[in-house]
Amino acid sequence: MLTMNNIGKIYQTEMVQTHALRDFNLQVNEGEFIAVTGPSGSGKTTFLNIAGMLEPFSTGQYLLDGVDVGKLNDNQRADLRNQKIGFIFQGFNLIPDLNLYENVEVPLRYRGIKASERKRRIEQCLEQVGLASRAKHLPQQLSGGQQQRVAIARALAGEPRFLLADEPTGNLDSLMARQVMELLEQINRDGATIVMVTHDAELARRAPRNIQVVDGKLADFTLYQGAPTANAHVLEGV
Amino acid sequence: MLEIKPIFKALMRSKVGAVLLLLQIAITTAIVSNAAFIIYDRVTYLAQDTGYDEENVFSFAILTFGKDRDLMQQTELDETFIRNLPGVIDAAAMSAVPLSGSGSATGFTLKPQPEISKRARAAYIQGDEHVLNTLGLTLLEGRNFTSDEVVVTESAREVPNVVVVTKTFIDELFPEGNGLGQTIYMGDLPAKVIGIVESVSGPWLKDSRPKNIVFIPLMKAMKAQNFVVRTESGAREEIMKNIESELLQQYPDRVIDWLTAFDKSKDEYNAGDILMMRMLIVLIAVLVGVTALGIFGLTLFNISKRTKQIGTRRALGARKSAIIRYFLIENSMISLVGLVIGCFAAHTLGQLLMQHYEIPVLPIGYIIGTALSVFVMSWLAVIGPAKRAADISPSIATRSI
Ligand SMILES: Nc1ncnc2c1ncn2[C@@H]1O[C@H](COP(=O)(O)OP(=O)(O)O)[C@@H](O)[C@H]1O
Ligand SMILES: [Mg+2]
């Protein structure tokens, strides 16, 4: 579903060049649930942003469902984000002036789905995250965990096949974090591919596949296989 | 893909900025439409053609304090003297000077009063048969007075029985254009219309009938006598410079005063209007500028406040055009409400101004025209910031917390 070949990302600021990613290679298959860990500043968010087409990469090739992302224009990328990708952010990123219903509606409007279908989906998604009764509330009236569940409902509403989450539990206490994790696991069982960046080792362990980003490079190992992969030596150096 | 409803709802949830902007737009519309109309009204007024060869005509007054001369005789001597000066085309003593702001007017009727009949108001100017030529007027119909028809008198009852009139005046009394030869009445005194001249301005430019004039062939002895002189092209300045000393040489016991060129009289008469017009133009420019800046600033402020939201929307699939559209729609909603309020306010303000000043009714076209211009201006002010908003990178969504 997602293939990155030798992706490199350089941030050019006045004084310094930062190689946020270098020779980044990754293959993600349909239906996977991947936890991405790594030290702060190692390039996890950069990877997720490129995967979600939120920013361009400097070198390499990125194929999403066989589409060469590097060849798309801005509108095509926006449309592809809208259709295929659901985002979950650490800061929830709900729109403060819109109530929960309207927040979940945002990506559906950009897709041009008609009102009755929007309503059906929004109600279903809010139901799924257990907040159907709060549809008319504003985000600020909810707890952090509830807000993140609304954000998940928003990500789900467009029925994306690919969910990207950047530290979705980073701002939540452990109880709420577990609830969010359970929700994501449920969504994964329902068929969505999930890539989740997290600092929480316990949550990461629950994911079937873990990858680690260190200094802009990938160290891939799969917990459920019980043994480190060939890349494991990279980790030992950390 | 119209997003009016959610944009409207979002606006209603944080409306302070929007309300301020809306009021600003309303006030701008109200004031600018009225100011623009007043300017238009003044411009047409100032641009009106008086009908005179203003550059070559001037007037002055002779105030006689000497008691040893017959005033009437002296006036006639003065007229002859001035007419014979080199460069002078013609000169005449007149009871009132056009464009000067002072004179007399009365109602003229079709039947002797107190009988009720049609009535038209006109300024009247008394003088001899040189008046028309001095003012440079073209006869359209009929003829000028003869010198025999000029009545020279001290009595109020002894009046001429012929008059020459301007076309606008006689057409008001005789709309069919058959005024020549008719008799009109000033009170109960009849006068036959023997000539019709082109329409020129009377003493008051701001009169409701500025070009209604009746010329009466009458000379009265006056201690203060107005004279009007028409010169050959280019000769006026020199003649005006010397006229005082030359007249005093003829007879010294008097004062020459109010020596004024016709074009200058007009400017002096209008100085207040020109000042007001300039102030209104400045007012419009300032208001429009402030409103445009307000819209520009509010949109920039909204964008910086909503940077993360915009990034998130982009991440969720908004195209750049959708972001631009969002701000345009939002701005249009604020503007439209402001403009509707502004139109009513403009109408009300127009009514108030009309009641308190001599200003005609504000035409609806001015309100609509101003509203449209303000709307266009609001789009111009918002389009730049909106484009900047669209350029916000979607990566902001994950980068800023
Ligand atoms: N917009 C940017 N401009 C310059 N440098 C950046 C920018 N974003 C990230 N970086 C740098 O890229 C590196 C990787 O950042 P990031 O992907 O955010 O790491 P992580 O998410 O793993 O903490 C860091 O050194 C960071 O400072
Ligand atoms: Mg990060």
Practice problem: Using packing as a proxy for protection, rank A:186-193, A:1-8 so that the peptide with the highest average count of other Cβ atoms within 10 Å comes first. | Solution: A:1-8, A:186-193
Quiz item: How far is helix B:236-250 tilted, in degrees, relative to the longest principal axis of the Cα atoms in chain B, given as a value from 0 to 90 rounded to the nearest 10?
Solution: 40
Self-check item: Angle between chain B longest axis and helix B:262-305 axis [Cα atoms, degrees, rounded to 10]
Solution: 0
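Taking R0 as 22 Å, what's the FRET efficiency between B:Val282 and B:Tyr45 from their Cβ-Cβ distance, rounded to 0.05? Let's see the in-between values first.
Numbers: r = 19 Å, r/R0 = 0.89.
E between B:Val282 and B:Tyr45, to the nearest 0.05, is 0.70.
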Quiz prompt | Separation of the B:Leu380 and A:Ser40 label points, Cα + 7 Å toward Cβ, nm | solution = 5.0
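Sorted by packing (mean other beta-carbon atoms within 10 Å per residue), highest first, where do B:334-346, B:52-64 land? Present the calculation step by step, with values, prior to reporting the outcome.
Working: B:334-346: 21.3, B:52-64: 19.5.
Descending mean neighbour count gives B:334-346, B:52-64.
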Quiz item: Short version: ³J(HN,Hα) in whole Hz for each residue of the stretch B:100-116, in order, from phi by Karplus 6.51 cos²θ - 1.76 cosθ + 1.60 (θ = phi - 60°), x for Gly and Pro, what are they?
Solution: 7, x, 9, x, 10, 9, 7, x, 10, 10, 8, 10, x, 6, x, 4, 8
Quiz item: Where does the charge balance sit around B:Ile383 when Lys and Arg score +1, Asp and Glu -1, over other residues with C-beta under 14 Å from its C-beta?
Solution: +2
Exercise. Only helical DSSP H runs with n ≥ 4 go in: add -39500 (n - 2.57) per run for chain B, normalise by residue count and round the 222 nm mean residue ellipticity to 500 deg cm²/dmol.
Key: -17000 deg cm²/dmol
Practice problem: Starting from the Cα of B:Lys223, draw a straight line to each of the lysines and keep only those under 22 Å, dropping any in the same chain fewer than 8 residues away. | Solution: B:Lys67
Quiz item: Which pairs in the list A:Lys84/B:Lys308; A:Lys136/B:Lys9; B:Lys241/B:Lys264 are over 18 Å apart, alpha-carbon to alpha-carbon?
Solution: A:Lys84/B:Lys308
Practice problem: Arrange the peptides B:377-383, B:355-361, B:148-154, B:24-30 so that the one whose residues have, on average, the most other Cβ atoms within 10 Å appears first. | Solution: B:24-30, B:377-383, B:148-154, B:355-361
Quiz item: What is the helix-to-structure angle for B:320-356, meaning the angle in degrees between its Cα long axis and the longest Cα principal axis of chain B, kept from 0 to 90 and rounded to the nearest 10?
Solution: 30
Practice problem: Using the structure shown, select from B:Lys167/B:Lys211; A:Lys9/A:Lys44; A:Lys114/B:Lys320; A:Lys114/B:Lys305; A:Lys119/B:Lys5; B:Lys5/B:Lys305 the pairs with a Cα to Cα distance greater than 19 angstrom. | Solution: A:Lys114/B:Lys320; A:Lys114/B:Lys305; B:Lys5/B:Lys305
Quiz item: B:Thr183: accessible area at probe 1.4 Å, nearest 10 Å²?
Solution: 60
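Using a 1.4 Å probe on the protein chains only, how many percent of the accessible area of the stretch B:66-252 belongs to carbon and sulfur? Please list the in-between numbers first.
Details: 4100 of 8530 Å².
After summing per-atom areas, the C and S share lands at 48 percent.
Once neighbouring chains are kept in place and the probe is 1.4 Å, which whole percent of the accessible area of chain A is contributed by carbon and sulfur?
On the way: 4840 of 10130 Å².
Carbon with sulfur: 48 percent of the solvent-accessible area.
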Quiz prompt | Part-to-part distance (alpha-carbon centres) for the stretch A:141-202 and the stretch B:160-213, which is given in Å | solution = 93
Practice problem: Return, ordered by residue number, the residues of the stretch B:1-36 whose backbone nitrogen is under 13 Å from a label point located 7 Å along Cα→Cβ of B:Phe301. | Solution: B:15-24
Self-check item: FRET efficiency estimate (nearest 0.05) - Cβ-Cβ, B:Thr183 to B:Glu55, R0 35 angstrom
Solution: 0.40
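Interface size between chain B and chain A, please: total buried accessible area, 1.4 Å probe, rounded to the nearest 100 Å². Intermediate values should be presented prior to the final figure.
On the way: alone 20180 and 11470 Å², together 28930 Å².
Looking at B and A, the buried total is near 2700 Å².
As an exercise, use a Förster radius of 22 Å and the Cβ-Cβ distance of B:Ala235 and B:Ile256 to find the FRET efficiency, rounded to the nearest 0.05.
Values: r = 18 Å, r/R0 = 0.83.
With a Förster radius of 22 Å, E is 0.75.
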Practice problem: Express in nm, to one decimal, how much length is gained between B:Glu358 and B:Met333 on full extension, taking 0.36 nm for each residue of separation and deducting their alpha carbon distance. | Solution: 5.4 nm
Quiz item: Taking 0.36 nm per intervening residue step and subtracting the Cα-Cα distance, what contour gain separates B:Thr138 from B:Leu248 on full extension?
Solution: 36.3 nm
Practice problem: Starting from the Cα of A:Gln17, step 7 Å along the direction of its Cβ; do the same at A:Leu175; then give the gap between the two resulting points in nm. | Solution: 5.1
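The values are calculated or read from the model by the stated rules, or taken from the named source; none is laboratory data. Because the structure is a prediction, the values reported are computed rather than measured. Using ideal geometry, Cβ is built from the backbone for each residue, glycine included, and neighbour counts are taken over all protein chains shown. Note: accessible area is taken over every heavy atom of the protein model, side chains too, but ligands, DNA and RNA are not part of it. Shrake-Rupley method; radii C 1.70, N 1.55, O 1.52, S 1.80 Å.
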